[in-house]
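Written out below as structure tokens is the structure these notes cover.
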Amino acid sequence: MNQQTEVKQKYLHALELDKILHMVAQHGSCEDSRVLAQSLQPATDLERAQHLLTETDDAYILMARFGAPSFHGLVNIVNPVRRAEAGGVLNLTELLRIRSVLQVLKNVVKWRSKSEGMKTSLDPRFGNLQPNQYLENRIGLTVLSEEEVADTASPELQSIRRRIQRAEAKAREHLDALIHSLTKQKYLQEQIVTMRSGRYVVPVKAEYRSEIPGLVHDTSSSGATVFVEPMSVVEANNEIRVLQAEEKEEIERILTALSAEVGSFAGELCTGYRMAVELDLIFAKASLAYEMKATMPKLNDQGRILLRQSRHPLIDSKKVVPTDISLGIDFDTLIITGPNTGGKTVALKTTGLLCAMAMCGLMLPVAQESEVSVFDQILVDIGDEQSIEQSLSTFSAHMTNQISILKNADAHSLVLMDEVGAGTDPIEGAALGIAIIEELRQKGARIGVTTHYAELKEFALQTDGVENGCCEFDVATLRPTYRLLIGVPGRSNAFAISLKLGIEPSIIDRAKELVSAENSRFETVVESLEEQRQSLERERQEAQALRQKAQSLVEEAQAEKERSAQYAAKELEVAQRQASNLVSRTRAQIDSLMDELEAVKKEKHLSSVQKMQINSRLRNLEQTADPVRQRKKGVYTLPRPLKVGDTVLIFDIDKKGIVTEIPAGGDPVTVQAGIVKTRVPLSNLRLLEEEQVKVPKRTVTKRVSTGSARGGSMSELDLRGETVLDALLDVDRFLDSAQLNGLNQVTIIHGKGTGALRKAVQDHLKRHSAVKSYRLGVFGEGESGVTIVELKK
């Protein structure tokens, strides 16, 4: 690491970027991605920084819609794979790790397939993940664990192991017989079969060693027991050892062949692993963004910084106070003043840290529409770096840093200095601070500094492009609010704080006398400005609260409007369904009534009971076809006595009608309403001021001589004004008479009206045995007011 890189790392360390990168690393799933996270460096190229940030944002969106992919099981396989490529033989642990990585690649590709229709900047990396199901299955069928090769690795290995099992079973059979022999048991220390040097043996008492012929492989530490391989199992043990050697050779052959296959896929395995590590890092960034409730800022390379509701990511989210910070838009230098522990240094660190995070591709804990700039370098002088070993005082340490900053700063630099000019004589320190700021401004840098010097406050007030800022402080509670106020110079509040802490008022008064008149006037002006600002702030908050309330009312009204529209649509749908059901029921009742009238026609006469029943059904049909709720009657007096032909309103059912008959007593009145003629109480009628209607006679016919010997027959029938029942009976009689008189065509006059009478007549004609066909009249015949009927011969 060269000296320049070390200096940059020192600046980033002062901003605590390393702690943020450690937080990213904690979200990583594998060691390599965690190392990669902690080694992230801010990108100084706008296009590169934008690409990194877009990748994180795309991962954030994918996680929101489909959950996070799992990279669990991702381990570094590059060295084993490259060794296999070079002809080396891999051990079982290495093969299992390769299989684990292949499973991770397969699962990540499967996860991505759930969102194939969504294009992202991560697609090239996902495209380089190449699962290898063949190699994954080969390793799975070969390796059972880090210590065991599966029988299915090869037919030869399976055969060898079966023979070993048979040889072991044969040896154990002989040994079991020995330890259970009544004559041999007394020679044994224990009735068990054990192993020594890979061969089956039995524990024999040392004094009976000669009683059990065989080979001694071991003795106990006390010498009381010898482990003897009986001669009867020597051959079986020899066979086992030979087979075990064959097994070992076969395993070596299998692993050699499998390693060669791994080596043949080395390129795609290493590429897939590298892409998976990079994706793990990107999704770790996105996970941290979720944790911080972060958003994606806009990027520029023009030095513009606008942080809305920014929060320092290392301060507890429950305690941190969001604040707005701007720099490089209306001014290039921000001088922050205020009391100690008021949040000045936090504001500086927040500005630099969030810029560095964005340049590393990290989303920021800020509100939407925030903006940060990409800088070539972020130069920082924050903290006390005095050193006894190097004989550096606080002032010397700060000055050493500031000299380095002055040498390196340019138009693409962000410079942040805490307590500029501090640690020496206030007058000289203030003058030095102003000179340093002016030099940095000439270089075109974006500058943020903190100070207690009133001279720097005045400098900001008098200089274009330089702006005052302060961290709000509540003197009443002696607590900072940590809100950064731009455009307002801060006060140290030393007198107020000291007085609150209990210092004698006389000391404060004396201190005020010692303050120069010019400084006193300046502090008075600042205090007045602060009071005005607080007043305006309260008014702004009240206005904002009212605006939010108004917006809430508008939203509630809109929601109520939408609910009303939905309710109306629902009610309309219900009404349409009920109307459809009503039409169906009415049609069924009409069909039933027509069938009944057809039966009556055949009987040729009606009894009074039948006539009453049919009239009752007609009234029910009229009510069903026009279901109107009855209304409550109010007090009403007819303006004049009713007379035949008056248009009236039947009030309770809201139906118009025409008076056709008034009895001697005057009540009830007969009214023709549509196809129904009914008697209505006089109190239920309302006179409508309309033209009086001439009521036709019950039946008007035009008799025409047919030239027949029987003469007097009719070729026209006028049904206007009749009820359906009376009209249909007249139609039957009319058609019978016309047939008897030998007429081929007759005319039935039913009028236009509502069409109810026409429909009833035509439905009846469909079923009449004497009717050949019928049609509506044409121009000159009466049009739709008449029906022309052709009779059968």
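The values are calculated or read from the model by the stated rules, or taken from the named source; none is laboratory data. Quick caveat, the model's predicted, so the values are computed rather than measured. Positions of Cβ are generated from backbone atoms using ideal geometry, with glycine treated the same way; all protein chains shown enter the neighbour counts. Note: areas computed on protein heavy atoms with side chains; ligands, DNA, RNA excluded. Shrake-Rupley method; radii C 1.70, N 1.55, O 1.52, S 1.80 Å.
Beyond a 27 Å Cα-Cα separation, which of these cross-linked pairs lie in this structure: Lys19/Lys443; Lys677/Lys752; Lys8/Lys344; Lys10/Lys344; Lys19/Lys500? Long pairs (Cα-Cα over 27 Å): Lys19/Lys443; Lys19/Lys500. For region 231-353, the Cβ-based charge dipole about the Cα centre amounts to some 1480 debye (Lys, Arg positive; Asp, Glu negative; other atoms uncharged). Summed over the residues of region 18-135 and divided among them, the accessible surface reaches 50 Å² per residue at a probe radius of 1.4 Å. Candidate cross-link partners of Lys248 among the aspartates and glutamates, defined by an alpha-carbon separation under 12 Å and a same-chain spacing of 8 or more, comprise Glu148, Glu156. In angstrom, the C-alpha Rg and Dmax of region 2-151 are 19.2, 60. Placing +1 on each Lys and Arg Cβ and -1 on each Asp and Glu Cβ, with no other charges, gives region 1-117 a dipole about its Cα centre of roughly 460 debye.
Sorting Ile305, Ile653, Ile329 by solvent-accessible area of protein heavy atoms yields Ile329, Ile653, Ile305, largest first, with a 1.4 Å probe. When +1 charges are put on Lys and Arg Cβ atoms and -1 charges on Asp and Glu Cβ atoms, the dipole computed for region 725-775 relative to its Cα centre reaches about 300 debye. Apply the a/c threshold of 1.5 to the C-alpha gyration tensor of region 96-173 and tell me whether it is rounded, prolate or oblate. Prolate shape, in that a/c is at least 1.5 and a/b is the bigger ratio. Considering only lysines 8 or more places apart in sequence, or on different chains, count the pairs in region 66-220 whose C-alpha atoms sit under 24 Å apart. So the count works out to 7. Once all protein chains are placed together, Met275 keeps about 20 Å² accessible to a 1.4 angstrom probe.
Summary value for region 5-59: 22 percent relative contact order, contacts being C-alpha pairs under 8 angstrom separated by 6+ residues. For region 265-359, just say rounded, prolate or oblate: build the C-alpha gyration tensor, square-root its eigenvalues into a ≥ b ≥ c, call rounded for a/c under 1.5, and beyond that prolate if a/b exceeds b/c, oblate if not. The shape class here is prolate.
Amide H to amide H, with H built 1.01 Å from N, Cys360 comes under 5 Å of Ala43, counting only residues 5 or more places away or on other chains.
Look at the dipole of region 64-182 built from charges on Cβ: of Ala171, Ser159, Ala86, the Cα furthest out on the positive end belongs to Ala86. Proximity of backbone amide H atoms, modeled 1.01 Å from N, is registered between Val669 and Val680, Leu682 at under 5 Å, excluding neighbours fewer than 5 places apart on the same chain. The H on the amide N of Asp718, modeled in the peptide plane, is under 5 Å from the matching H of Val700, Lys702, Ile749, each at least 5 residues off or on a different chain. Each residue was assigned an accessible area with a 1.4 Å probe, and for Thr295 the value is about 20 Å². Working ranking of peptides 87-93, 431-437 by packing, defined as the average number of other Cβ atoms within 10 Å per residue, highest first, is 431-437, 87-93. In region 715-759, Cα pairs under 8 Å separated by at least six residues give a relative contact order of 56 percent.
Ranking Gln133, Leu95, Met23 by how far each Cα lies toward the positive end of the dipole of region 1-153 (charges on Cβ) leaves Gln133 at the top. Would you mind pulling out the separation of the Cα centroids of region 774-793 and region 718-744, in Å? Between the Cα centre of region 774-793 and that of region 718-744, the gap is 14 Å.
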